[in-house]
Structure formats: C-alpha cells, structure tokens
Amino acid sequence: MTGTVPTSPLRARAEIDLGALRGNVRALRSRLAPGAGLMAVVKSDAYGHGALPCARAALDAGASWLGTATPHEALALRAAGIEAPVLCWLWIPGDPWREAIEAGIDMSVSGMWALREVTAAAREAGRVARIQLKADTGLGRNGCQPADWPELVAAARAAEAAGTVRVTGLWSHFACADEPGHPSVGAQLHLFHELVAYAEKAGVEPEVRHIANSPATLTAPESHFDLVRTGIAVYGISPGPEVGTSAELGLRPVMTLAASVALVKRVPEGHGVSYGHQYRTPAETTLGLIPLGYADGIPRHASGRGPVLVGEKVRRVAGRVAMDQFVVDLGTGPDADAVQEGAPAVLFGPGDRGEPTAADWAEAAGTIAYEIVTRIGPRVPRVYVNGQENSGDGGDRGDVGPQGAGR
C-alpha cells in the first residue's frame, strides 16, 4: 500500500477517484430496467466527495438527472454551469422558490403549504414552475400522506390549468430497501402504484415516476419505473451488508482518506495514551501520531477500535480520538522501526490494497458507512484523480487537484 497515496505536504487528504465514480455509474446503469434513467444524488457535497466534480463525472458516465436535498445545493450546480435536470426535495417556508424556478430546478412538493409558496413564486417570476409531487408511502418522513393525496393532486392540477406549474414527476422513498425481502418494500411499492394511478387518472402526465434508492436499484428491478435515485452506491459504498459488499456489487469506493504521520516516539511500558488514559502501553513500544481528529470527521466512537494502515500493517486507534489527532501503537521490531515522520497512514480506501474501508470504520464506530464519508470535514482537502474525461454538461472542469474549505 505504501506509495499508493501520492506524497504531498498536505497534513491529510481525501483522494477522490473520479474514474471509479464513473465506473460505478456505468455499473449501476447496467442494472436498470429497460427505459429507466439514473439520478446521481450529490447532496451533502456529494456525500463528502465534492458536489461539482462528482456531478460532472456522473453526467460523463450517463447519469440523466442530479439530486440534491437543499435548494442552495441545487442552485450551486446551476451557478457552476450544470444544465442537466436537477431535483431538489428538502424545502422550508421562505426558501428561494423563485430563484429555483428561474434556474429551471425541479422542486419537490409534499404538502399544500409548499404548493402555495411555489405557485406564488411562479406568478412573481412569470415562469412555469417544475414540480414533483412526493407521496409518503410508508417512510413517515417527507411526502404527502395518502389521505391528503387527492387534495394535493387536485390543487396541483388546478395550478397546471392556471399556467403556474408543470407536474413533472411523482415519487416516493423506501424505508427498508436495504433489507431485501422486508415486507414494507412490497407494501410501499403497491401503494405507490395506486397513488401514481390516481394522479394520472386525475390528468397528471409526469415525465418521471421514481421510488428506487440505491438498495432498491440493486435488488428490486420492479421498482425502477422511469428513474432510480442512487446516492451512496455512486460513491462505491454498499448501502448495507444485507445487500452485499462493494466488490460483490461491482462497485469501487471512490474516497481514500490518508494522513502523514506527524510524530514517532518510543515510550515505556504503562505509558498512558490520550485523554482519560483509556489505553496504556502493555510494553515498551513506539507510538505514531496521526493528525486527524473528530474536528475532521473521525468518529470519537471509534476510539480504541478504528483501523489504520501504517507501515504495511493495520493498527488500531490507541486511546481516545481527540479533536485534531489520535495515536496508534506501532509496536516494536522492524515494522515499527520502518515508520518515520511523514509516512502515510491510510484510514480507509477501496480495501483491495490492504487498507481498511469505510465499512470497517462504520463497524468500529457503530454507525453506517454513509456517515463515515459524509462527515469528513472541509479541513481535509479533496484531491481529485482520474478526472480527465470530456464532460457533456457545461462549465469549467476544474475538478482535478486539491480543494480546501471553499469547495
């Protein structure tokens, strides 16, 4: 593994392999039911990978839509010159509806309050708003309850007749698709069919109908409809152990997180390490200091357990993860003696070169791999590799090289 992360004066780096991302998109597209397109979800700065470079790479590989949570994420894509269809789904009263309308962004509507705000903004802008009606088929989060669906559909049709909106989509979201065979998946799918049929009978002519997330894309082709929304799978991470590993799914993790060892020192037996002395050296040993901490997104819950590849050997975090740093016990002998300041410490990557994976860190922290990659903070520069491919959708391709807090 030594040398696979390019040497650099950077304290730490998150290397983002855009070639792997494109490969993941193509692999996912190969699984789609006939006629279905793929939405690459780039919310939360593309799950911590960098929204603009990842959006462009996904479009290069054939994604036909992009998805964001907040309108500000969607507007940033437009400001960067991306013209592909974008759906934004997490709105609050007073959000920038007019700006989104003028930018040609599809806006999700889950209730009457949102429809009122978007129609008012459309009248003010003098443009037709593109909206997608979201149904709550069982997740219990965002979306319109089935009992309220007739009212929302009727009001949306009236707004269409008035020329303020165009209903471009009907959609929902699974609760347990990461558990193949869970009874809720079939129940939600059945209800979605009913709600779509009701809306279409009322005159709605959607461009897209969609309910499948990453796990449903991989395990439930009957849920693909016109579009699937793939988030974590685009970044090469399995949506859950019951779905399969990344390798089993034909996906390659896109992010490799590494740091330079900041200090190597010999300490005696019984030496306390980090806050609270939860770890004491069992014998005279060598400690290595890794300049990453919970301020960078390294989970404190992985204290004493988080795996790190240092000097060709996987070590564990010794003691507590602190705000800016943590320690590994390098032991003794030639393996420890070979580690010097500046040596690479790889926290996670694809896993095929001996390094841990984000899934390994998730297990150590008692969480999911989604959180591991998404929480890596802006203090860690993103360094993009394998980014040289012609983009089919607008804008300067400045997606190769380090990006810092302003990414």
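Residues that are in contact with a helix residue (DSSP H, G or I) (Cβ under 7 Å, 6 or more places away or on another chain) and surrounded by 21 or more Cβ atoms within 10 Å (Cβ to Cβ) number at least 1 in the following strands (runs of 3 or more DSSP E) confined to segment 220-287: 227-230, 255-260. With respect to the conditions (1) of a type in the set (A, V, I, L, M); (2) more than 18 Å from residue 209 (Cα to Cα); (3) surrounded by fewer than 19 Cβ atoms within 10 Å (Cβ to Cβ), residue 32 falls short on a single one, namely (2). For the residues 104, 62, the requirement of being touching a residue at least 12 places away in the same chain (Cβ under 8 Å), more than 21 Å from the chain's Cα centre (by Cα) and assigned to a loop (DSSP other than H, G, I, E, B) singles out 104.
Every residue, every condition in (1) in contact with a His (Cβ under 7 Å, 6 or more places away or on another chain); (2) under 19 Å from residue 355 (Cα atoms); (3) among the basic types (Lys, Arg), yes or no:
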| position | (1), (2), (3) |
| --- | --- |
| 280 | yes, no, yes |
| 287 | no, no, no |
| 298 | no, yes, no |
| 303 | no, yes, no |
| 309 | no, yes, no |
| 314 | no, yes, no |
| 320 | no, no, yes |
| 323 | no, no, no |
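Within segment 145-186, the set of residues being open to solvent by 20 Å² or more (accessible area, probe 1.4 Å), over 22 Å from residue 106 (Cβ atoms) and aliphatic (A, V, I, L, M) comprises 147, 175, 185.
Scan segment 312-342 for residues that are part of a loop (DSSP other than H, G, I, E, B) and crowded, with 18+ Cβ neighbours inside 10 Å and jot them down. Across segment 312-342, the qualifying residues are 319, 320, 321, 325, 339. In segment 291-303, the count of residues that are part of a loop (DSSP other than H, G, I, E, B) and open to solvent by 60 Å² or more (accessible area, probe 1.4 Å) is zero.
The values are calculated or read from the model by the stated rules, or taken from the named source; none is laboratory data. Every value quoted in this text rests on a predicted model; they were computed, and no experiment measured them. Don't worry about glycine lacking a Cβ; one is built from the backbone with ideal geometry, like all the others, and counts go over all protein chains shown. Heads up: the accessible areas ignore ligands, DNA and RNA and are worked out on the full protein's heavy atoms, side chains in. Shrake-Rupley method; radii C 1.70, N 1.55, O 1.52, S 1.80 Å.
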